[in-house]
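Notes to accompany the following structure.
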Amino acid sequence: MEVVAGGVEVAKPAAAATAGERAAKRRRVAPETGARRAGGGVARRGSGRRRRVQADADAAAVQRLFQACRDVFRGPGTVPRPGEVRQLRAMLDRMKPEDVGLSPDLKFFRARDAAQGTPTITHTTIYKCPNFSMVILFLPRNAVIPLHNHPGMTVFSKLLLGSMHIKSYDWVDPDSIPSVSSCSSSADDQLRLAKLVVDDAFTAPCDTSVLYPTTGGNMHRFTANAPCAILDILGPPYSIEEDRDCTYYSDIPYTQHSTADGTRDRDLNNVEQDQGRLAWLKEIDMPRELKMCSVHYGGPPISDK
């Protein structure tokens, strides 16, 4: 195994044998061939075939997922149809770590102690095009991806390994304009009212979660309770050029601020009965303590032909 940035291990491909090396290998094993046929040789060859079959199955799983994404995501401004969401969600529910070249036996996932300082989050891109991207996130224990949004995007998240806590919100009024906090006149303190969608811990294997441009918990925070790997499908992917940059937020308890923020009365009437599920979100700069790095994808390849 080879350890790469962020502590994530990937399998190092074996070097191709030369013709001379292959011939020498045949000469070395030739005298023992008869004995192996009489003993456990057949089982050993069968084991090799099973490994090849399993590798083919793993590659087929990620290839089928890619082909489904290509059919489902039709570009910016579109949202997959309900039947397409069910299809893609069912495929992701069946995905295993081995389908993308991972294993719980890797050192990264066996770590019991939290790293000193702020943990580094690692990500690898399986595939990316203008319509969608397939990404794996690796979060060490106690790593946090701060509260952030997914503008105009539909995102499928499959926890492949590990355990994490997810907290997510949607805007109470997606069309409202952020208001200035009643405690400050600064334009930098603009707040928007959001409603809590998810606040729970998840352990693999578990169902795939789906968020949409305005529903399903479009703004979420990930906290790793144990080292974990998350397969994310984003359609379309982030793009600064197309005004889909990532925005970060801090959440503030609902009771700390006035409701005089321009939110429509009918929306407040629908949710004010449960103030514990309301919060004010304030846009912030990307947290300085957030450390992320990318590594090359080393799992089963896909073909976009």
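Observations
- Selection count, the stretch 255-279, where residues are touching a Lys or Arg at 6+ places or on another chain (Cβ under 7 Å) and modelled with pLDDT of 75 or more: 2
- Selection within the stretch 223-243 - among the β-branched types (Val, Ile, Thr) and part of a strand (DSSP E or B): THR223, ILE230, ILE233
- Number of the exception - PRO213 against (1) surrounded by 12 or more Cβ atoms within 10 Å (Cβ to Cβ); (2) at pLDDT 95 or above; (3) not in a loop (DSSP other than H, G, I, E, B): (3)
- Residue selected from the stretch 244-254 under the condition at pLDDT 95 or above and either small (Gly, Ala, Ser) or outside any strand (DSSP E or B) (or both), by the criterion nearest to LYS158 (Cα to Cα): CYS246
- Evaluated against (1) hydrophobic (A, V, I, L, M, F, W, C); (2) modelled with pLDDT of 95 or more; (3) over 26 Å from THR122 (Cβ atoms), ALA229 falls short on exactly one condition, (3).
- Filtered residues of the stretch 95-109 (kept if of a type in the set (D, E, K, R) and under 15 Å from ARG64 (Cα atoms)): LYS96, GLU98, ASP99
- In the stretch 58-71, the qualifying residues are those that are closer than 18 Å to GLY298 by Cβ and among the small types (Gly, Ala, Ser), and the one that is modelled with the lowest pLDDT is ALA59.
The values are calculated or read from the model by the stated rules, or taken from the named source; none is laboratory data. Since this is a predicted model, take the numbers as computed values, not measurements. Using ideal geometry, Cβ is built from the backbone for each residue, glycine included, and neighbour counts are taken over all protein chains shown.
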